[in-house]
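Peer 1: I'd like to ask you about the structure that follows.
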Amino acid sequence: MRSSNPVFSRRGFSRDNGGYAGFNAGPQAGAATQGNPYATNPYAEPTNPYAANPYATGGPDLQHGAPQAPAQPGRMTMDDVVSRTGITLGAVVVAAGLAWALELPVALGFGAGLVAMVLGFIQAFKAKPVPALILGYAVFEGLFLGVISQVYNNVAQGAPMQAVLGTTAVFVGVLVAYKTRLIRVDRRFMRFVMAAAIGFVLLMAVNMLFAVFGGGDGLGFRTGGLGIVVGIIGVLLGAAFLALDFKQIEDGVRYGAPREESWLAAFGLTLSLVWIYTEMLRLISLLNSD
C-alpha cells in the first residue's frame with residue numbers, strides 16, 4: 001500500500017518491481033506469488049521462513065498481527081527510525097532556538113523557509129534518501145519555524161509553547177490510537193486523506209494568492225471563525241498523515257526495508273509534525289485573539 005504522505009508516495013514505498021511491501025505485485029508476478037506477502041519481496045533472504053510459504057493466503061493486515069519477517073543485518077529497525085527521527089527533529093529544534101534567540105529578521109526566516117521547501121522537494125523526488133538533504137531541510141525549516149514562532153508570540157503571548165504541547169498531544173494521541181487499532185489505515189483511508197490534503201492545499205494556495213494580489217485577508221480562510229474551522233481541519237489532516245507514517249514505518253520494519261529507508265521515515269515524520277505545529281500555531285493565535 002502506498003502512503004499518502006507526499007514523501008512516501010513519491011518515493012514509492014510499495015513498488016511493483018522495486019519495493020518491499022509486496023502489495024502491488026500485479027498480474028505479471030504470476031499465480032504462484034499471489035496472496036503471499038513475502039513472495040514479491042526483493043529484500044527477502046533465502047533463509048526467510050515466510051518467503052516460500054505455500055500456505056500464506058490473503059493480503060497482510062499489519063494492524064492485526066500479520067507474521068513479521070526476521071530482523072536481518074542491513075535492514076531497517078524501529079531503533080533506526082527512532083534515532084534518525086531524533087536527529088532530524090533535534091536539528092529542527094536547535095535551529096528554531098537559534099533563530100528565536102538571535103531574533104532573525106522575518107525576511108530571512110521566510111527565505112530559509114523557501115530553501116527548506118526546495119530541499120524537501122528535491123529529497124521527495126530522489127530515488128534514495130540523502131541524509132545531507134534531509135538534515136539541510138531540518139535546519140532551514142527550523143530557522144523558519146523559529147522566526148514565525150516569534151512573530152506569532154508577539155501577537156498571542158505563549159502561543160508557540162502551547163503549539164508545541166498541542167503537537168505533542170496529537171502525536172501521542174495518534175500513536176496510541178494506531179497501536180490500539182482505533183485507527184484502521186487501509187487504502188480507503190489513504191485515498192480519503194490524499195483527496196482531502198490536495199483540496200486543502202489548493203484552497204490555501206488560492207487564499208494566499210488573493211491575499212497577495214488583492215490585499216487584506218484574501219478569501220478569509222485564515223481569519224475569524226472560518227479560520228478556526230480551517231485550522232482544526234489542518235490539524236486533523238496532519239494527524240491523518242501521522243497515522244499513514246506509522247503504517248509505512250511498520251511495513252518497512254516488518255518486510256525488511258534497507259536501513260537507509262529509516263532516514264526517509266524520519267523525513268516523513270518531520271514533515272507531518274511541522275505541518276501540525278504550524279497549523280496549531282495559527283489556530284491558537286486565532287483562538288487567543290478572539
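Peer 1: Of the numbered conditions (1) under 23 Å from Thr223 (Cα atoms); (2) surrounded by 17 or more Cβ atoms within 10 Å (Cβ to Cβ), Thr88 fails exactly one; give the number of that condition.
Peer 2: (1) is the only condition that Thr88 fails.
Peer 1: Among the residues of the range 69-76, is any under 18 Å from the mean Cα position of the chain (by Cα), under 17 Å from Thr270 (Cβ atoms) and open to solvent by 60 Å² or more (accessible area, probe 1.4 Å)?
Peer 2: Within the range 69-76, none of the residues are under 18 Å from the mean Cα position of the chain (by Cα), under 17 Å from Thr270 (Cβ atoms) and open to solvent by 60 Å² or more (accessible area, probe 1.4 Å).
Peer 1: Among the residues of the range 235-262, write down those that are free of Cβ contacts under 8 Å to residues at least 12 places away in the same chain and small (Gly, Ala, Ser).
Peer 2: Those that are free of Cβ contacts under 8 Å to residues at least 12 places away in the same chain and small (Gly, Ala, Ser): none in the range 235-262.
Peer 1: Sticking with this one: Look at Val172 and say whether it is over 21 Å from Val106 (Cβ atoms) and without any contact (Cβ under 8 Å) to a residue 60 or more places away in the chain.
Peer 2: yes
Peer 1: What are the residue pairs meeting all of these: first residue in the range 271-285, first residue touching a residue at least 60 places away in the same chain (Cβ under 8 Å) and within 17 Å of Met117 (Cβ to Cβ), second residue open to solvent by less than 10 Å² (accessible area, probe 1.4 Å) and β-branched (Val, Ile, Thr), Cβ atoms under 7 Å, and 6 or more apart or on different chains?
Peer 2: Matching pairs, first to second residue: Leu271/Val7.
Peer 1: Given the criterion touching a helix residue (DSSP H, G or I) at 6+ places or on another chain (Cβ under 6 Å) and at pLDDT below 95, identify the matching residue among Gln63, Gln68.
Peer 2: Values: Gln63 fails: touching a helix residue (DSSP H, G or I) at 6+ places or on another chain (Cβ under 6 Å).
Unique residue meeting the criteria: Gln68.
Peer 1: For Phe171, work out the one condition from (1) modelled with pLDDT of 95 or more; (2) more than 24 Å from Ala112 (Cα to Cα); (3) surrounded by 20 or more Cβ atoms within 10 Å (Cβ to Cβ) it doesn't fulfil.
Peer 2: (3) is the only condition that Phe171 fails.
Peer 1: Another question about this same structure. Tell me, please, whether a residue that is in contact with a Ser or Thr (Cβ under 7 Å, 6 or more places away or on another chain), modelled with pLDDT under 95 and open to solvent by 30 Å² or more (accessible area, probe 1.4 Å) can be found in the range 146-155. Let's see the steps before the verdict.
Peer 2: Within the range 146-155, the subset in contact with a Ser or Thr (Cβ under 7 Å, 6 or more places away or on another chain) is 152, 155.
Next, only the ones that are modelled with pLDDT under 95 stay: 152, 155.
Those left that are additionally open to solvent by 30 Å² or more (accessible area, probe 1.4 Å): 152, 155.
Yes, the range 146-155 contains at least one residue that is in contact with a Ser or Thr (Cβ under 7 Å, 6 or more places away or on another chain), modelled with pLDDT under 95 and open to solvent by 30 Å² or more (accessible area, probe 1.4 Å).
Peer 1: So which residues in the range 259-273 are open to solvent by 20 Å² or more (accessible area, probe 1.4 Å) and more than 9 Å from the chain's Cα centre (by Cα), if there are any at all?
Peer 2: Of the range 259-273, the ones open to solvent by 20 Å² or more (accessible area, probe 1.4 Å) are 259-260, 263, 271, 273.
Passing the criteria: Arg259, Glu260, Trp263.
Peer 1: Can you find even one residue in the range 94-110 that is surrounded by fewer than 13 Cβ atoms within 10 Å (Cβ to Cβ) and among the acidic types (Asp, Glu)?
Peer 2: Checked the range 94-110: at least one residue is surrounded by fewer than 13 Cβ atoms within 10 Å (Cβ to Cβ) and among the acidic types (Asp, Glu).
Peer 1: Consider Arg188 carefully, then state whether it is open to solvent by 50 Å² or more (accessible area, probe 1.4 Å), of a type in the set (Lys, Arg) and either at pLDDT 90 or above or in contact with a Lys or Arg (Cβ under 6 Å, 6 or more places away or on another chain) (or both).
Peer 2: The answer is yes for Arg188.
Peer 1: Suppose the filter is open to solvent by 80 Å² or more (accessible area, probe 1.4 Å) and in a helix (DSSP H, G or I); does Val139 pass it?
Peer 2: No, not satisfied.
Peer 1: Can you pull out the residues in the range 202-221 that are out of contact with any Gly (no Cβ under 7 Å at 6 or more places or on another chain) and in a helix (DSSP H, G or I)?
Peer 2: Leu202, Leu203, Met204, Ala205, Val206, Leu209, Val212, Phe213, Gly214
Peer 1: Under 9 Å by Cβ, and 6 or more places apart or on different chains, what pairs join a residue from the range 223-234 that is at pLDDT below 90 with one that is of a type outside the set (S, T, N, Q) and not in a loop (DSSP other than H, G, I, E, B)?
Peer 2: As it stands, the answer is Thr223/Leu286; Gly224/Leu286; Gly225/Leu286; Gly227/Arg282; Gly227/Leu283; Gly227/Leu286, since those pairs meet every condition given.
The values are calculated or read from the model by the stated rules, or taken from the named source; none is laboratory data. From a predicted model like this one, the values you see are computed outputs, not experimental measurements. Every residue, glycine among them, receives a Cβ derived from its backbone with ideal geometry; neighbour counts consider all protein chains shown. These accessible areas exclude ligands, DNA and RNA; they are computed on the full protein's heavy atoms, side chains included. Shrake-Rupley method; radii C 1.70, N 1.55, O 1.52, S 1.80 Å.
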